[in-house]
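Computed from the coordinates by the stated procedures, all read-outs in this text should not be read as laboratory data. Just so it is clear, the model here is predicted, and its values are computed rather than measured. Neighbour counts run over all protein chains shown; Cβ positions are idealised from the backbone, glycine included.
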Amino acid sequence: MNFEPRRKEETEAIEEILKRYLPKEEGYAATVSQAVSYSVLAGGKRLRPMLMRECFRLFTQEDVREDKARCLLEPFMAAIEFIHTYSLVHDDLPCMDNDEYRRGRKTTHAVYGEGMAVLAGDALLNLAFETATQAFDGARVAGNGEWMYRCAKAFGILAGKAGIGGMIGGQCADTQAEDFPEERISQELLLYIHENKTAAMIESAMMIGGILAGCGEEDVRCLEKIGSKIGLAFQIQDDILDLTSSLEELGKQTGSDLKNHKVTYVSLNGIENSVKEVRRLSKEALSSLKALGNNVFLEMLVEDLITRKK
């Protein structure tokens with residue numbers, strides 16, 4: 001398989017899905033709608049919706065795949081990217097990481113102001129759940145009670161992994177750890193931050209893809225474990241790149257972890273051990289993924305994301 005053209009094609013298809021669910025830029029709320037669109041359409045890997053779709057494909061027969069994808073999967077693909085984008089908008093705020101560049105251009109607060117960036121993030125979180133509910137409409141129109149159940153289960157996963165027991169909990173620990181004395185910084189704390197702040201939404205994407213396809217509970221739990229390993233490796237690689245890359249290569253300011261006194265795998269374990277851990281997690285994740293079924297593009301996507309240089 002020629003990976004890069006396929007990924008480009010998949011990314012462009014996801015961009016079109018996202019555009020369909022963005023709010024209209026009109027009336028008194030036009031400015032916040034513009035800020036939302038600016039944030040969402042800033043580019044990016046579209047990792048989470050892409051993982052969701054490929055896990056869906058892993059467990060779906062091709063003859064029923066496309067109809068089900070349109071009415072069940074696509075609202076959740078857009079929803080998870082909206083949640084991811086809102087988290088980046090808020091992460092970049094002066095009260096958080098205070099970053100001026102994201103994906104190679106000015107961050108939302110740098111363009112629209114801090115207050116409007118807060119509102120854009122709030123709007124994106126609400127828009128995510130408004131969008132996900134459209135999958136229920138698709139299941140209802142199809143008259144399929146099993147699809148309705150899958151939507152409800154997927155909705156619960158999306159909300160839980162994005163909340164206090166997932167991404168928000170990880171962000172809380174990450175923010176507080178900036179002020180911790182050195183003796184309070186532990187491997188346990190670090191793994192909690194990475195597992196929740198980064199891995200939880202990757203787990204969510206993969207689990208939802210499997211759930212909407214109708215895979216069993218055992219396979220859903222397996223996808224969660226694979227997502228955890230991918231997420232941890234992804235974050236460790238991000239920590240490495242923050243020290244070794246540049247603004248031009250990465251599309252965002254480097255050295256921000258050090259500037260903000262962030263707890264990172266690299267700061268606790270060193271670059272050499274961090275590189276080894278990325279390789280270990282990558283190998284284990286890919287081995288488990290291959291045991292679930294055959295999706296060559298998904299396997300290549302995971303390997304590329306974990307070992308990326310930007």
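A few notes on this one:
- What the Kirkwood sum gives for the stretch 3-306 is a hydrodynamic radius of 19.7 Å, with every pair of different alpha carbons counted.
- In plain terms, the residue of Cys55, Cys172 with the fewest other Cβ atoms within 10 Å comes first and the most crowded comes last, giving Cys172, Cys55.
- MRE, 222 nm, helices only [DSSP H, n ≥ 4, -39500 (n - 2.57), over the chain, to nearest 500]: -23000 deg cm²/dmol
- Neighbour-count ranking [beta-carbon atoms within 10 angstrom, fewest first] of Ile271, Ile202: Ile271, Ile202
- Toward the positive end of the charge dipole of the stretch 1-136, with +1 on the Cβ of Lys and Arg and -1 on the Cβ of Asp and Glu, the farthest Cα among Gly43, Met96, Thr107 is that of Gly43.
- Rounded to the nearest 20 debye, dipole of the chain from Cβ charges on Lys, Arg, Asp, Glu: 560 debye
- Residues Ser267, Ser204 arranged by fewest to most Cβ contacts within 10 Å: Ser267, Ser204
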